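Taken together, the values in this text are just the output of simple stated rules run on the coordinates, not laboratory data. As the structure is a prediction and not an experimental result, all values here were calculated from the model. Using ideal geometry, Cβ is built from the backbone for each residue, glycine included, and neighbour counts are taken over all protein chains shown.
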Amino acid sequence: MPVHSPAAQYLVLHGFENAQPAEHWQHQLVDRLRDTGAEVSYPAFPDPWHPKLDAWLERFTDAAAEISSDAPLTVIAHSLGTLTWLHAAAAGLAPQATTRVLLVAPVTPLALRPEPRIDAAFSELADLHSFDARALPYDTSAVLGTADPYRSDDHEQIYLDQLHIPLLLVPQAGHFVIEEGYGSWPSLDAWALDPGRSIRANPAA
């Protein structure tokens with residue numbers, strides 16, 4: 001049985017170059033969750049084509065301040081939104097209601113290096129050296145496609161060894177973007193409502 005209830009809350013964090021198009025799986029997920037009666041925060045980060053960490057953390061803080069402490073919160077972050085969440089969590093900005101976190105297509109400093117438009121501060125992981133997901137009061141996991149063009153040699157070292165975040169590899173999946181067939185993502189929708197469900201690549205991907 002799904003663990004979801006109408007009182008559940010969700011925080012959805014988009015990534016680089018994502019202006020929240022209706023065709024994106026995150027936008028469609030938000031619509032489906034709201035249809036169930038869930039409270040969903042889907043903040044638009046400033047200038048997603050030239051993201052600055054300070055500005056994104058400020059917008060995150062504003063969104064987090066609006067989240068109730070009375071219902072469990074699930075966080076679903078994609079791409080650069082994953083590093084935004086990690087920086088926020090390391091700074092103690094995670095909402096107290098957080099019960100589970102999913103990092104989709106998480107990125108690393110090595111993966112971001114070829115993109116000069118992204119603020120280098122996103123890659124400064126010094127504040128995360130003491131970050132240990134095992135000590136957090138909520139469950140954190142990550143999903144990475146085996147064919148993700150941003151997958152780099154430091155993914156396992158950072159997410160598994162340093163942060164102790166389980167890293168699920170989805171066969172044949174890329175960066176989980178519209179161009180790869182992720183206008184909708186049924187298995188992730190199912191997981192959002194029931195964490196016992198498995199996340200898989202889209203059949204058409």
**Report entry** 3J(HN,Hα) from dihedral phi, the stretch 10-23, Karplus parametrisation 6.51/-1.76/1.60, rounded to Hz, x for glycine, proline
**Finding:** 9, 10, 10, 10, 8, x, 4, 6, 9, 9, 6, x, 4, 7
Query raised in the report: What is the P(r) of the stretch 88-139, as percent of Cα-Cα pairs per 5 Å bin from 0?
Result: 4, 15, 24, 24, 18, 11, 4, 0
Query raised in the report: Which of rounded, prolate, oblate describes the stretch 70-110, given a ≥ b ≥ c as roots of the alpha-carbon gyration tensor eigenvalues and a/c under 1.5 marking rounded, otherwise prolate only if a/b is larger than b/c?
Result: oblate
Report summary line: Within the set T74, T36, T84, GNM on the chain using Cα springs under 10 Å gives the largest fluctuation to T36
Requested in this report: Please give the direction-averaged projected area of the C-alpha convex hull for the chain, in square nanometres with one decimal.
Outcome: 10.4 nm²
Query raised in the report: Running Debye on the stretch 120-205 with equal point scatterers at the Cα sites and no solvent, what base-10 log of I(q)/I(0) appears at q = 0.15, 0.17, 0.22 Å⁻¹?
Result: -0.67, -0.84, -1.16
Requested in this report: Loop only per DSSP, at most 13 neighbouring Cβ atoms within 10 Å: give me the trypsin sites (Lys or Arg not before Pro) in the stretch 87-151, ordered by residue number.
Outcome: R117
Report task. Calculate one ³J(HN,Hα) per residue across the stretch 129-144 by plugging θ = phi - 60° into the Karplus curve 6.51 cos²θ - 1.76 cosθ + 1.60, and present them in order as whole Hz with x for glycine and proline. Result -> 4, 8, 6, 9, 4, 5, 8, 7, x, 8, 8, 10, 9, 9, 10, 10
